1. For A:Thr475, list long-range residues whose amide hydrogen, built 1.01 Å from N in the peptide plane, is under 5 Å from its own amide hydrogen.
2. Where the only charges are on Cβ atoms (+1 Lys, Arg; -1 Asp, Glu), what is the dipole of chain B about its Cα centre, to the nearest 20 debye?
3. What list of ³J(HN,Hα) values in whole Hz, one per residue of segment A:247-257 in order, does the Karplus curve 6.51 cos²θ - 1.76 cosθ + 1.60 (θ = phi - 60°) give from phi, with Gly and Pro shown as x?
4. Could you give the size of the charge dipole of segment B:40-117 about its Cα centre, using +1 on the Cβ of each K and R and -1 on the Cβ of each D and E, expressed in debye and rounded to the nearest 20?
5. For Cα pairs less than 8 Å apart in space and 6+ apart in sequence, what is the mean separation divided by the residue count of segment A:294-449, i.e. the relative contact order in percent?
6. Length gain on complete extension for the stretch A:Ala552 to A:Ser490, per 0.36 nm per residue less the alpha carbon to alpha carbon distance?
7. Ignoring ligands, DNA and RNA, what accessible area per residue does segment B:7-53 give at 1.4 Å, in Å²?
8. Rounded to the nearest 0.05, what FRET efficiency do B:Glu99 and A:His167 give with R0 = 60 Å and r taken as the Cβ-Cβ distance? Could you check?
Amino acid sequence: MTLTEDPSTATPDAPAKEVGSARLRKEDARLITGKTTWTDNMVLPGMLYMSVLRSPIAHATISNLDVSAAKDRPNVVAVYTGQDFKDEQGSIPCAWPVTPDMVNPGHPSIAVDSVNHVGEAVAIVVARSRTAAVDAVEAIDVDYEPLPVVLDMEEAVKEGSALVHDHTESNTSYHFVFDAGEAGTGTDTDAAFDAAEVVVSRRFVQQRLIPAFMEPRSVVVGVTGDNYTLWSATQIPHILRVMAALTTGIPEHKLRVIAPDVGGGFGGKLQVNPEEILALLIARRLGKPIKWTETRSESLMTAHHGRDQVQFIDVAADREGNVKGLRVRLLADMGAYLRLITPGVPALGAFMFPGIYKFPAYRFECDGVFTNKVPTDAYRGAGRPEATFAIERIMDELAVELSMDPMELRRKNWINAEEFPFTTVAGLSYDSGDYEQATQAALELLGYDELRAEQARRRESGDPVQLGIGISTFTEMCGLAPSRVLGSLSFGAGGWEQASIRMLPTGKVEVVTGSTPHGQGHETAWSQIVADELGVPFDDVEVLHGDTAVSARGLDTYGSRSLVVGGTAVVKAAEKVVAKARKVAAHLLEASEDDLEFSGGRFSVKGTPGAGLAIQEIALAIFASHDYPEGIEPSIDAEAAFDPTNFSFPHGTHLCAMEVDTDTGFVKIRKYACVDDIGNIVNPIIVEGQMHGGLAQGISQALYEEAIYDADGNLTTGTFVDYLVPSAMDLPHFDTGNTTHAAPDNPLGAKGVGEAGCIASTPAVVNAALDAVRHLGVKDILMPMTPERVWRAIHQGGDGGARAAEGSNAYGGARTTESGIEEAAK
Amino acid sequence: MIPASFAYARPTTVDEALQAIAAGGEDVKILAGGQSLIPVMRLRLAAPETVVDITRVTELRGVREDGDSLVIGAMTTHHDVITDPLIAQYGKLIAEATETVADPAVRHRGTFGGALVHADPAGDLPAVALALDAEFVIAGLGGARRTVPATEFFVDYLTTALADGELLVEVRVPKLGSDWGVRYEKFNRVAQAWSIVAVAAAVRREGSRITEARIGLTNMGSTPIRARAVEAALVGADVSLETVTAAAAQAAEGTEPSSDLNAQADYRQHLARVLTRRAVTAAAGL
Ligand SMILES: Cc1cc2nc3c(=O)[nH]c(=O)nc-3n(C[C@H](O)[C@H](O)[C@H](O)COP(=O)(O)OP(=O)(O)OC[C@H]3O[C@@H](n4cnc5c(N)ncnc54)[C@H](O)[C@@H]3O)c2cc1C
C-alpha cells in the first residue's frame, strides 16, 4: 500500500491537520460489535409483524385468492391482498423519466390482478409475532392463470413478442439517444464510421447482479396520532420521505423517516420499496406499529438487481490507432417495473462510454426493455461500470486488430495531462488528472516487465498454467450532481447537499449532514473536516444523520457524492460558523474583525500577542448572550447547502495479472495493482477500505456473480450457495496507490472514491484472462468467467457460454454471435 | 426463513436418544451440527414433527483407536477431526478433506457423522469414507447395533442405509501407516463452496511400485463412487507420471454426474480425470 504523505506530520510547526490523517473510524466499534440500533432490533409497544406471500409464478393473472384460512390462524390480526389497497397504494415512484415518451406501466406495491415477476407481493399477513405471520402465509390459497413469460431482451423487443404488460404496445419502455453530432459536442458518427480504416464491433453482456448487502432490508412503522415514523434500512431517508408521502398521501410533515445504522446498500437500498409503502398503509389502516424484515431468500429474489445489459459497441479507427468514432447500442433490462431510477441507470452510463479517450464522434442509443424479472436499478457504479467495461474491453480488441500494444493504443488516444479541464465528446468537462502518471506508477506496482517476461516463458514452454495481464485505464463521473445538469436529464430531484453545525455551550460540536451513511465512515471523515475548519478536537465532534427530524434537508448517499457534495456543505457551514464567531470575537476582544486571525481554533489579534479567544469560549459566550454585538442573532450555529458546479472525475490505472489453468479453466488473480487519482484524501484508511470493497465487487462481477433465472422465470441463484460472492480467501492482496490532482470544483479538492474500484476492476480482470489465452484462439469469455466457461472457450471455441443457456436465461453462447471485425476497404 | 414449529428433545445418552426418536411421532429428525438440517428446515423443505438434538450425547464424540482401526464418533465436529492427533497420524486423508469443508464457523458445529448421513453427493466426506472402506456402526431401537460397509451405506442422493428410528453411532476406518500417501483434491469456485468435483486418493508404495490404491470421487453421481478402473490400473504399476496419467484417464468411466449451474456432466468428467491425475500424483509422492 502506498499512500500520500500524511500531512499531519508534514510540517512540524503548523497545527496538526486532521484532514489527510489515517484516523481509525469512530463508528466501527459499535457497528462491528452490533452495539447499535439496526432497524430489526427495534421493538415498539404493541408492534405487529408482517409477512409477505410472494408469487411463485413469473407471469400470471390471479384467478382466485383465498385468505380465509390464514385469517383463522392463531395470532393473526389481518390478512390483506392487492384488492384491499388498490385504491390507495398508488405506484412505486420512478423519478427518472429519461425520455418524454417513456412508458411506465405503473408499479403496484402489491399485485392486484396479475403478477409480473417471481417474488411479487400477492398477500400480506399481519400477526402478533413474526412466526405466526410466517406460518399463516402458508395457509393462503392462490390460483394463477399462467401467461407467457418474457425473459430474453433480444426476443422481447422483436415484433410479435409476448408482452410483460398487456396494456402497453411493446416491451420497450423507452428509446434514449445521445448523439454528439446533434448535441454539438462531436462530429457526425456515421460519417466517421464511413470514413474509417478499421472498425471493430463487439457484443458484450453485462450479466444481472444482486447487490447482496449484508443487512437485509427492514422496516418499522410507528404511529402517534396521525403522525408516522418510518424506520428503514435505507440509503435514502430524505428521498424516501418525499416519495412515501406522495405515494401514500400521508402529508410530508406528518411523516418522519429514520435510517438508523444501516448495514450496507451498494445502491440496493437506494429505493422506495413496496414493503415500505405497504407497512405504512397497514400501519395507517390498523393504527398500530408494524415491522417487516426480509429473509435472505426474499432479499435475493425481490430487492432490485443491477446491471443486465446487452451492449453492441463499434469503434472506428485509423491504421495507426487513432480512434475516430464510437457507437453504442444497448438493450437494458428494466425487469417487470420501473422503480426509483431503473430507466436512468443506463442513461447515466451513456456519458461514460468514451472513457478517457478523445473520440471525435459518438452516438449512444439505449432501449429500456421490460421482462418478467425483478426490476433492476442502481448497483455500485450504476451505468458507469457497464460503460467502462465496454470501452476498456473494446480498446483491447482494437489493439489486437491493429497488432498494437494495448497500453500504447490507450496512450495514443487518451487525454493528456495538460489538456485538463477537457470537454469530452459526451459533453462532460473532465476536471483534472494525469493518466500517464497513474499508469507509470501502476506498471511499477505490478512489476509489469517481469510478469510480461514470465508470460512469454509460460507461452513458450506450453505451460498448462498461462499468464495474462489486463489493463483498465478508467475514469468515471461521480459526486452526483449539479442540480441543473440533473434537470437537463429529466431527473426528478436536484443534487445539492445540506449540512449544519451546532456549537454547543461546552464547546462541543454537532454536525448534521443530509448525506446518510450506510457504512462509508462519514462520522469519521466529517469529524476530521470540522476539526480542521473549526480547530476543535476530533473527538469533540459528533455527526448526526439519517433522521429527517434531525437532518431536515438532504439528498442522501449514492453516486460517490457524500464527501464531494455533502462534505463540501460541511466546509461551507463551518466557514459560516467561523464568520459568525469572528463578529462575536471582535466584539469581545474589542478589535476590528479585520485584525483578527483565526487559526488552530483561536481568534487572535494581529500584533497583540496573548489577546485571543478560542472558538469554544465564543460558543459559551454566545450561549449566555450577555455581551454580543448589536444587530446580529445570538448564535454562531450555521447551515449551508452546496450545489456542485460539476461532477468529479476520479481516474486510475488498474492492472490485473491472471493465471489461467488451461486444464481446468480455473482462473486465479496472481497480482492486482491499481493507482487511483481521487483528488485530495481526507482519510487514507477509509479510501483504502472503499477501494478494497469496490475491487472485490468488480472482480466478483468478472469471476463469480450472476443472477440466473430458469426458463419459467424462477431465480435459480436464490441462495448464497448458488449466487456466489467471494470471501477474503478468494481475493488477492491488492497493491493500491494514489496520485493526487486536486478536484478544482470543490474546496476539499476531493473526488469520489466509493465506486471507483468497482467500476475499474471488472474489465481489467476479463482483459487479463483473455490476454492469457488469446494465443489459444480465445476471443471472448462471458462473465462471470466460471471455470467451465473458460475451459470451454479454450477447448471448444466460442465464449464458453453455450452450456449456461440451456434451460435458463443465463447469457449463453447459443445466442452470442461470433462478432465479426469489419474492415472498411480504403 | 423461520422453521415450522416442532417438538424438541435433547437426550444425553444414546439410549435416551433412541427412545426419543421412537417416541417422536411420524416425522423425526436427528439434529447433529444442524449445518444441513437447519437450512433445510428454515426453507421449509423439511418440517419435522420432532427434532431430537443429540449435541449433548457426549458418548458420540471423539476419536479412538481399536487395533488397526480408527473409530470416529458420529458427533465429532469437523474442527475436532482436523485437530485430533490420531487423525493426524493415521487419518490424514480425512483431515485433508475436512479442512476443505466450508468455513471455521461451520466446521465448529458440523459433525463427521452428520456429513455422512446427510449424504450430499457434493459433500467431501462420503467419498473419503468410501475410498477408505469405512464401516458404519448403527444403533436401532432397543440398542441393537449393526455394521454397514461404506459400499452399502450410500444408497442414493441424500439417502443412506439408515432406517427410520436408527442412529449412526460411529465410523470405523483402517489406520493408514506411513507407507501410504494421500491427497484430497477439491475443485470449487470459491473457498467456502461445495465441491464441483473432488477426488480422494490414498496410495501405498513399496519402493517404486504402487501396491494399493483407493480412489473415491465426490459429486460424480448421486452417491460417492470408487474409481475402480483407475485403482486397478495403478496397482502393480511403476510410480511415474506416465502411468499415473494413463490410469487417471479412466477416472470418469462408469460415472453419470449431474449437470447444474456450476458444471455440465461432460465437464465434470473431464475434471474427474484431471483431478485424479493430480491427486494420485501427489499421493504417490511424485
Ligand atoms: C455454508 C456451508 C457450507 C458447507 N460446505 C460444505 C463443504 O464444502 N463440504 C461438505 O462436505 N460439507 C459442507 N457443508 C455441510 C457440513 O459438512 C455439514 O456439517 C454436514 O453436511 C452436516 O453435518 P451436521 O452435523 O451439521 O448435520 P445436521 O445438519 O445436524 O444433520 C444432517 C442430516 O443428518 C442426520 N443426522 C445427523 N447426525 C445423525 C446421526 N448421528 N444419526 C442419524 N442421522 C443423523 C440429520 O437428521 C440430518 O438429516 C456446508 C455447510 C454449510 C452451512
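The values are calculated or read from the model by the stated rules, or taken from the named source; none is laboratory data. Predicted model, so just to flag it, every value in this text is computed and none were measured. For neighbour counting, all protein chains shown are included, and Cβ atoms are generated from backbone atoms with ideal geometry for every residue, glycine included. Heads up: the accessible areas ignore ligands, DNA and RNA and are worked out on the full protein's heavy atoms, side chains in. Shrake-Rupley method; radii C 1.70, N 1.55, O 1.52, S 1.80 Å.
1. HN-HN under 5 Å from A:Thr475: A:Ile356.
2. 600 debye
3. Ordered by residue, 3J(HN,Hα) equals 6, 8, x, 5, x, 4, 6, 9, 10, 10, 10 Hz.
4. Values: 8 positive and 11 negative charges, 77 e Å.
For this selection, approximately 360 debye.
5. On the way: 257 pairs, mean separation 38.5, N = 156.
This gives 25 percent for segment A:294-449.
6. Numbers: separation 62, 0.36 × 62 = 22.32 nm, distance 2.46 nm.
Stretched out fully, the A:Ala552 to A:Ser490 stretch lengthens by 19.9 nm.
7. Working: 2340 Å² over 47 residues.
Counting only protein heavy atoms, the per-residue value for segment B:7-53 is 50 Å².
8. On the way: r = 58 Å, r/R0 = 0.96.
Result of the calculation: an efficiency of 0.55.
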